[in-house]
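A short write-up of the structure that comes next.
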Amino acid sequence: MKSLDEARALDAADPLRTYRDAFDLPAGEIYLDGNSLGALPRATVARLAGTVRGEWGRDLIRSWNKAGWIDAPARVGGKIAQLIGAQAHEVLVADSTSVNLFKLLAAAVKAQPGRRVILSEPGNFPTDLYVAQGVAETLGAELRLAPREAIVEALDEDVAVLLLTHVHYQSAAMFDMAAITRAAQAKGALVLWDLSHSAGAVAVDLNAANADLAVGCGYKYLNGGPGAPAFLFVAERHQAALRSPLSGWMGHAAPFDFGDDYAPGEGISRFLCGTPPILGLAALEEGVDLLLGADLPALYAKGQALCSAFIDVVEDRCAGLGLTLATPREGATRGSHVSFRHEQGWPIMQALIARGVIGDFRAPDILRFGFTPLYVGFEDVWNAAEILRDILTTGAWDDPAFHARAAVT
Ligand SMILES: Cc1ncc(COP(=O)(O)O)c(C=O)c1O
Ligand SMILES: Nc1ccccc1C(=O)C[C@H](N)C(=O)O
């Protein structure tokens, strides 16, 4: 992409262009952080008002049956299944990604008594590693880390489960899900994929890859809102054997029998724990419905094209200004965000945010830009790169206000 005119022509030809109007985005800003918190769909505002005023306010307790509240985790899970190549009854919305990691890791380790190792890579998203450490401590297992180039060789007969994030949260590098799954299964291990940066961003086909287990966030590309409930996937063939370590009543075979003894529910329902967060589920359903209405192959192609355009324009217009690409160049091997390293990454990102380009910073030196194809366009790409160039060439980032650190990055 060589000019603003070219960017505008690409937007004019974009079949997904009208989706931007489905979001309530602040005027005058370029939002490039949908990989951390997706934008607000306009329909969500009305849906939440209806759920709060009508279902909660008027129908009260009757809404568990009347408004289908009790079925929401399976219903919304079944919709997410369409985005990740799973069958409807293999996906459930529940808890947070961290809690779902705990449930599935513990279930996978417990199901294979002869195997005591959880294998992952250093630099995986922290919660994945922290939860794995907690599971290992709780079950007397061990967390083993191996760099991704050596991950296949690190698989042996001690590994119960391989835990990987499909699209890396910093570099956006994407694993070959089918190949890694095959290699792990050949050694008798299960694989748990964290799809937080994949679902709604890139084509995922869990069933085609013969995947075992997966989890993912609801508040990134699914646009479910801050703290939206997460999802989990358990392949049909594993559902009868795996048991949730969090044996709450909503995962019981007959919660409303109120018996004293736990009996796991049929199928994936056993991975529910407590009462589902209905407001969060309602918001998430709106975000997922919006995605399901879109032409998904076109959506993923646009995400790749936006990222490639940003890489090209930044490398061209910001050449010699201290940025180094930290993301794979090849579109098919990365997710829908782009990272550049710069030794002054933090103040540069604060200066960008002050100019209305909302990305984020990841320690130690990563400037991260998310390109959510439903509401980001090529003109945004061009303008964001131009503002970045201006900040770098003028040195505007070197202001005390931009050096102050915030609690949440
Ligand atoms: C790969 C990955 N896993 C998990 C999470 C978060 O999990 P939780 O929603 O439990 O905070 C994130 C982002 O926060 C993430 O990027
Ligand atoms: N849940 C959050 C709450 C506050 C700030 C960021 C997050 C993120 O989701 C970070 C994201 N997972 C990341 O890839 O960095």
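No value in this document is a laboratory result; all are computed from the given coordinates. Remember, it's a predicted structure, so these values are computed and weren't measured experimentally. Neighbour counts run over all protein chains shown; Cβ positions are idealised from the backbone, glycine included.
Using the Cα centre of the chain as the reference point, and only Cβ charges (+1 on K/R, -1 on D/E), how large is the resulting charge dipole? Debye, rounded to the nearest 20.
My answer is approximately 560 debye.
Could you compute Rg(Cα) / (2.2 N^0.38 Å) for the range 215-292, with N its residue count?
Ratio of Rg to 2.2 N^0.38 Å for the range 215-292: 1.23.
I'd like the antiparallel share, as a percent to the nearest 5, of DSSP beta bridges with both residues in the range 68-292.
The antiparallel fraction comes to roughly 40 percent.
Over 29 Å between Cα atoms, which of Lys110/Lys220; Lys79/Lys103; Lys187/Lys302; Lys187/Lys220 qualify?
Flagged as over cut-off: Lys110/Lys220; Lys187/Lys302; Lys187/Lys220.
Any idea what the relative contact order of the range 31-93 is, in percent, if you count C-alpha pairs under 8 Å spaced at least 6 apart?
Relative contact order here is 20 percent.
At each listed q (0.29 Å⁻¹), what is the log10 of I(q)/I(0) that the Debye formula gives for the range 346-408 modelled as equal alpha-carbon point scatterers?
Per q value, in the given order, log10 I(q)/I(0) is -1.35.
Where Lys and Arg each count +1 and Asp and Glu each count -1, what net charge lies around Ile84 among other residues with Cβ under 11 Å from its Cβ?
-1
In whole angstrom, how far apart do the alpha carbon centroids of the range 333-378 and the range 162-188 sit?
The distance from the Cα centre of the range 333-378 to that of the range 162-188 comes to 25 Å.
With labels modelled as points extended 7 Å from the Cα through the Cβ direction, what inter-label distance (nm, one decimal) is found for Arg62 paired with Arg8?
5.6
Which percent of Cα-Cα pairs in the range 68-292 sits in each 10 Å bin, short to long?
Reading the bins upward from 0: 9, 36, 38, 15, 2, 0.
For the range 200-228 and the range 35-84, what is the separation of their C-alpha centers, rounded to whole Å?
Cα centres, the range 200-228 to the range 35-84: 18 Å.
Once you charge only the Cβ atoms, +1 for Lys and Arg and -1 for Asp and Glu, what is the size of the charge dipole of the range 68-292 about its Cα centre, to the nearest 20 debye?
100
Multiply the residue separation of Asp71 and Arg243 by 0.36 nm, subtract the distance between their alpha-carbon atoms, and state the gained length in nm to one decimal.
59.9 nm
What number, rounded to the nearest 500 deg cm²/dmol, is the helix-based mean residue ellipticity at 222 nm of the chain, given -39500 (n - 2.57) per DSSP H run of at least four residues and division by all its residues?
Counting only the DSSP helices, I get -10500 deg cm²/dmol.
Report the label-to-label distance for Ala150 and Leu321 in nanometres (one decimal), using points 7 Å from each Cα along the Cα→Cβ vector.
In this crude label model, Ala150 to Leu321 measures out at 3.9 nm.
Once the convex hull of the alpha carbons of the range 170-268 is built, what does its volume come to per residue, in cubic angstrom?
133
Remind me, what semi-axes does the range 294-354 give for its equivalent ellipsoid, largest first in whole Å, using sqrt of 5 times each Cα gyration tensor eigenvalue?
Working through the eigenvalues yields semi-axes of 24, 13, 10 Å.
I need the trypsin sites (Lys or Arg not before Pro) found in the range 37-121, filtered to DSSP loop residues with at most 16 other beta carbons within 10 Å of theirs.
Arg116
Report the convex hull volume per residue for the range 119-177, counting only C-alpha atoms, in Å³.
76
Using only the alpha carbons of the range 15-61, what is the convex hull's orientation-averaged projected area in square nanometres?
Taking a quarter of the hull surface, the average projection is 4.9 nm².
Compute the long axis of helix 345-354 from its Cα atoms, compare it with the longest principal axis of the Cα atoms of the chain, and write down the angle in degrees, 0 to 90, nearest 10.
Taking the Cα atoms of the chain, the angle to 345-354 is about 80 degrees.
Just to be sure I follow: if Rg is taken over the C-alpha atoms of the range 246-350 and Rh is the Kirkwood radius over the same atoms, what is Rg/Rh?
1.25
State the extension gain, in nm to one decimal, for the chain segment bounded by Asp295 and Ala186, taking 0.36 nm per residue of separation less the distance between their alpha-carbons.
35.7 nm
Provide, for q = 0.12 Å⁻¹, the log10 of I(q)/I(0) from a solvent-free Debye sum over equal Cα point scatterers in the chain.
Per q value, in the given order, log10 I(q)/I(0) is -0.98.
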